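What follows is calculated from the coordinates using simple rules that are stated; it is not laboratory data. Just so you know, these numbers come straight off a predicted model, no measurement behind them. Because the Cβ atoms are built from the backbone with ideal geometry, glycine has one as well, and the counts that use them run over all protein chains shown.
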């Protein structure tokens, strides 16, 4: 019987983990989509990492955001007029100094800076909550998040936790006008009704799924490389 060295056994174990990781990576549409855009991820990874480091964000979070926003389509244009990899609205792009949102470097630089500014708005939240609340602000607008925080406070929920805001966002529609009267004395929240709350809820969920998958896969790859290096 062929005897295996300890190093060989370790390699086999790591390889098995790697294969298992691949299975996890592509077990649903999220993983399949990541696999399909992997060439683009490799192409833009240096740029993403450059700006992620500059603004102290995880490059994998920015990558997950791009996957959700545009699927790494540099020429993407939404029905609402959002453009480029990061789907910046014209007014937001202008505020960020992004002159051409179809230029990947500009889009990534501006949107990463923007996400960091949103993250910084919630210093009282823990890091996992700050990420999710910043993503919700990126998608649904800072104003609606502020209104949701007020409703959370009114209902004795923690306004610094995403779970609380996830619930409160659903209470910003016209059917909740009596609640709005209690909170603000008005039938309409300060930043208007938010009928798009299901999209924002799903947006945060999808980005975090991509992010978790990227973290898992990159950790597996790092372990594999360390064994074979």
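Hey, which of the helices (runs of 4 or more DSSP H) in region 95-169, taking only ones fully inside, have at least 2 residues that are in contact with a strand residue (DSSP E or B) (Cβ under 9 Å, 6 or more places away or on another chain) and either within 26 Å of residue 81 (Cβ to Cβ) or free of Cβ contacts under 8 Å to residues at least 24 places away in the same chain (or both)?
In region 95-169, the matching helices (runs of 4 or more DSSP H) lie at 104-119.
Select, from 131, 145, 151, the only residue that is surrounded by 21 or more Cβ atoms within 10 Å (Cβ to Cβ) and under 19 Å from residue 54 (Cα atoms).
131
Just one of 95, 199, 124 is closer than 23 Å to residue 77 by Cβ, exposed (fewer than 14 other Cβ atoms within 10 Å of the Cβ) and under 20 Å from the mean Cα position of the chain (by Cα); which is it?
The conditions single out 199.
Identify all residues within region 75-88 that are closer than 14 Å to residue 118 by Cβ and part of a loop (DSSP other than H, G, I, E, B); write none if there are none.
Result: 86, single match.
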